[in-house]
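Working notes, beginning with the structure itself.
The values are calculated or read from the model by the stated rules, or taken from the named source; none is laboratory data. Just so we're clear, the structure is a prediction, and the values are computed from it rather than from any experiment. All Cβ positions, even for glycine, are placed from backbone atoms using ideal geometry, and neighbour counts span all protein chains on display.
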Amino acid sequence: MATLSSLKAGTQATVASLSIEGLLRRRILDLGIIPGANIRCIGPAPSGDPIAYEIRGSVIALRLEDAGKITVQLI
Amino acid sequence: MNITIGKRRHSPSFNEHIRKHFFHLPLKNDQAVVAIAGNPNVGKSTLFNALTGLRQHTGNWPGKTVDRAQGAFLFREKSFLLVDLPGTYSLLAHSAEEEIARDFICFGQPDAMLVILDATALERSLNLALQIMEITSRMVVCVNLMDEAGKKGITVNIPLLEKDLGVPVIPTTARNGKGLKEVQTALYEIAVQQRPTAPKQVRYSAEIEGLIQELLPRLQTLPAASFFNSKWLALRLLDSHPPFVENISRFVRLQNAPTATYQEVEKLHAYRLE
């Protein structure tokens, strides 16, 4: 198990679990990041934060901190 | 299980009162209200303009429509008031724009909902459609950006989607006006002719379904029960999101219900928090 934030640009993984609570959890689930979903790391912003991910055909950016709370299974 | 999907019809004057009070909607007599909902940047405003002939500002960035825009069109001699809601991924999140959209869908008593999906990101847009299907059966789904999808080599099986969702599904390319007539026809059938639909309902885990069953009998005695899908209301109480429960309470109060009703909603909510 790895965290989403540790994915290298271009690698793919499956979302395993989210240790985020409250409204942010809701928001992240609404964007399609749910256990079992495929996610691909596109790469970080120049400063390293946020990081862009491709999920279900769209690209979203997550804060490094939040991505660190999502565990993934490498494919 | 005894669940009413969708709302009972209320007298036009009462609906008008609600719409004026909450949403400042200037309504002509006998006008059908249709609200447009969808994810950010799926072409809601483009479709709105194409249907109404207005030139509401459109743009390719999320958060462009922060408030509601309204316009009207005539179809088969029936006047429709179209309300363009801000884009939202969910009815359960809580940015200001999303609350505007959510409150209108929940309390605005639209005669029909027009839910726009992005043909190039269908999976993501279906989340909102399923949430709206939990609230109302009076809806039309529109799969927009068909041209973009075509360019990306994506084809959408519209008849299958329609069968799976249980509500009318229309493919459109709002930018060149493709599919508009079909959208208007479907809206007419739903809002005016009361064509029945059978929206597919989400099944939750056994634990959650159990809690819903526990709350349902108590919710169905509320006068407000005729406005909301009781299963949906039960789910919101289970979410325990206080600001939204407050809105529901406010709505119940406006209905001239005895104060006891309002307290009952709060009590049910407190009961869930225990």
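State the number of residues belonging to region B:109-123 that are within 14 Å of another protein chain (Cβ to nearest Cβ) and in contact (Cβ under 8 Å) with a residue 12 or more places away in the chain.
Result for region B:109-123: 6.
Within region A:45-67, track down each residue that is under 21 Å from B:Ile154 (Cα atoms), surrounded by fewer than 16 Cβ atoms within 10 Å (Cβ to Cβ) and charged (D, E, K, R).
The one that is under 21 Å from B:Ile154 (Cα atoms), surrounded by fewer than 16 Cβ atoms within 10 Å (Cβ to Cβ) and charged (D, E, K, R): A:Glu54.
Going by the structure shown, is A:Ile42 free of Cβ contacts under 8 Å to residues at least 60 places away in the same chain, surrounded by 14 or more Cβ atoms within 10 Å (Cβ to Cβ) and closer than 16 Å to A:Gly68 by Cβ?
no
Inside region B:1-92, counting only strands (runs of 3 or more DSSP E) that do not spill past its ends, which hold 1 or more residues that are more than 17 Å from the chain's Cα centre (by Cα) and at pLDDT 85 or above?
Passing ranges, in order: B:69-75, B:78-84.
Take B:Ala129 and decide whether it is within 23 Å of B:Arg195 (Cα to Cα), out of contact with any Gly (no Cβ under 6 Å at 6 or more places or on another chain) and crowded, with 20+ Cβ neighbours inside 10 Å. Let's see the steps before the verdict.
On the way: within 23 Å of B:Arg195 (Cα to Cα): yes; out of contact with any Gly (no Cβ under 6 Å at 6 or more places or on another chain): yes; crowded, with 20+ Cβ neighbours inside 10 Å: yes.
In short, yes.
Out of all the residues in region B:215-257, which are modelled with pLDDT of 75 or more and aromatic (Phe, Trp, Tyr)?
Correct list: B:Trp232 only.
State yes or no: is B:Ala260 within 20 Å of B:Pro110 (Cβ to Cβ) and modelled with pLDDT under 65?
Details: within 20 Å of B:Pro110 (Cβ to Cβ): no; modelled with pLDDT under 65: yes.
The answer is no for B:Ala260.
Quick test for you: out of B:Ala96, B:Ala101, pick the one residue that is of a type in the set (A, V, I, L, M), within 14 Å of chain A (Cβ to nearest Cβ) and crowded, with 23+ Cβ neighbours inside 10 Å. Quick ask: steps written out before the conclusion?
Details: B:Ala96 fails: crowded, with 23+ Cβ neighbours inside 10 Å.
Going through B:Ala96, B:Ala101 in turn, just one is of a type in the set (A, V, I, L, M), within 14 Å of chain A (Cβ to nearest Cβ) and crowded, with 23+ Cβ neighbours inside 10 Å: B:Ala101.
Filter region A:20-41 for residues that are within 11 Å of another protein chain (Cβ to nearest Cβ) and not in a helix (DSSP H, G or I) and give the result.
Correct list: A:Leu31, A:Gly32, A:Ile33, A:Ile34, A:Ala37, A:Asn38.
With respect to B:Asn157, is the statement that it is within 21 Å of A:Gly32 (Cβ to Cβ), crowded, with 18+ Cβ neighbours inside 10 Å and either more than 14 Å from chain A (Cβ to nearest Cβ) or of a type in the set (A, V, I, L, M) (or both) true?
no
Could you grab me the full set of residues in region A:7-35 that are under 12 Å from the mean Cα position of the chain (by Cα) and under 18 Å from B:Leu122 (Cβ atoms)?
A:Leu29, A:Leu31, A:Gly32, A:Ile33, A:Ile34
Pairs under 7 Å by beta carbon, first residue closer than 15 Å to A:Lys8 by Cβ and away from every other protein chain (no Cβ under 14 Å) in region A:55-72, partner modelled with pLDDT under 90 and surrounded by fewer than 18 Cβ atoms within 10 Å (Cβ to Cβ), six or more apart or different chains?
Going by the 7 Å Cβ cut-off, the qualifying pairs are A:Leu64/A:Gly48; A:Leu64/A:Asp49.
Can you name the residue in region A:42-51 that is of a type in the set (A, V, I, L, M, F, W, C) and within 11 Å of A:Leu7 (Cβ to Cβ) and is also farthest from the other protein chains (Cβ to nearest Cβ) among such residues?
The residue in question is A:Ile51.
Looking only at region A:52-75, which residues are in a loop (DSSP other than H, G, I, E, B), small (Gly, Ala, Ser) and under 13 Å from A:Ser6 (Cβ atoms)?
Correct list: A:Gly68 only.
Test B:Ala174 against the criterion of being closer than 19 Å to B:Leu82 by Cβ and in contact (Cβ under 8 Å) with a residue 60 or more places away in the chain, and give yes or no.
Here the answer is yes, as B:Ala174 does meet what is asked.
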